[in-house]
Structure formats: C-alpha cells, structure tokens
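To start, the structure itself, in structure tokens.
What follows is calculated from the coordinates using simple rules that are stated; it is not laboratory data. These figures come from a predicted structure and were not determined experimentally. Note that we place each Cβ from the backbone using ideal geometry, even for glycine, and neighbour counts take in every protein chain shown.
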Amino acid sequence: MIREQSGYANAYGTSALDRKIEARFNEIFEREVAVFFVGTGTAANSLALSSVGRPGGVVFCHNDAHIANDEGGAPEYFTGGGRLATVSGTRRQDGA
C-alpha cells in the first residue's frame, strides 16, 4: 500500500492496482468473481449481509456477534430494514 499510495490513480475500483487485486481473487477462486472495494469493515459486513438477506428480513447471530454489538445499526440500514435477531449459545471448545 505504501508503494501504491503516491501519484495519480483512478478512483472507485478502476485503477491498475484494483485490476491486479481482482485478477488475484479470480486466481484464488479459480473463476471470475466480483470484487467490491469498501472503505470500512462496517461497510463490508453490512453489504455482505444485504447481499444474502431480503429487505425487512431477519439475520440470526450470536448475542456476542460483532455485527450485533459494534456496527451501530448499519446492517439494518444497508439491508433495507432487515433485523438482527440475537440468539444465545455456547462456544464449542474444538473451534467448530
């Protein structure tokens, strides 16, 4: 990023660096994929939820989930009124 931050570059996912990153994702997933560049983790999480949910729908997540406790209403906004419904549960020690 330090090397790429100087000089002029096109904005909004159209620069040469953006194209390199997109090509790398295509290699990783072994198919052409869409890459969306966002400015924050909150935007990434909220847009990801909006891509799989319906407006006014419900996303179930753990009581301690980051999206439920730290995103400040952004998931509800970006999903078009979707709700986050928290559920309790224990964490398995085997990481599953």
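Numbers for the structure displayed
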| item | result |
| --- | --- |
| Global geometry of the chain, whether rounded, prolate or oblate, following the gyration tensor of its Cα atoms and the 1.5 cut on a/c | prolate |
| Angle between the chain longest axis and helix 16-29 axis [Cα atoms, degrees, rounded to 10] | 50 degrees |
| For peptides 32-43, 71-82, sequence by mean Cβ density within 10 Å, most packed first | 71-82, 32-43 |
| Helical mean residue ellipticity (222 nm; -39500 (n - 2.57) per DSSP H run of 4+; nearest 500) of the chain | -10000 deg cm²/dmol |
| Computed label-point distance, nm, for sites Glu22 and Phe36 using a 7 Å Cα→Cβ extension | 1.5 nm |
| Difference of contour (0.36 nm per residue) and Cα-Cα distance, Ser6 to Asp64 | 16.9 nm |
| 5 angstrom amide H check on Val59, placed H, neighbours 5+ away | Arg83, Leu84, Ala85 |
| Likely footprinting exposure, Ile21, Ile28, Ile67, Ile2, fewest C-beta neighbours within 10 Å first | Ile2, Ile28, Ile21, Ile67 |
| Theoretical FRET efficiency, 1/(1+(r/R0)^6), r = Cβ-Cβ of Ser15 and Thr86, R0 41 Å, to 0.05 | 0.55 |
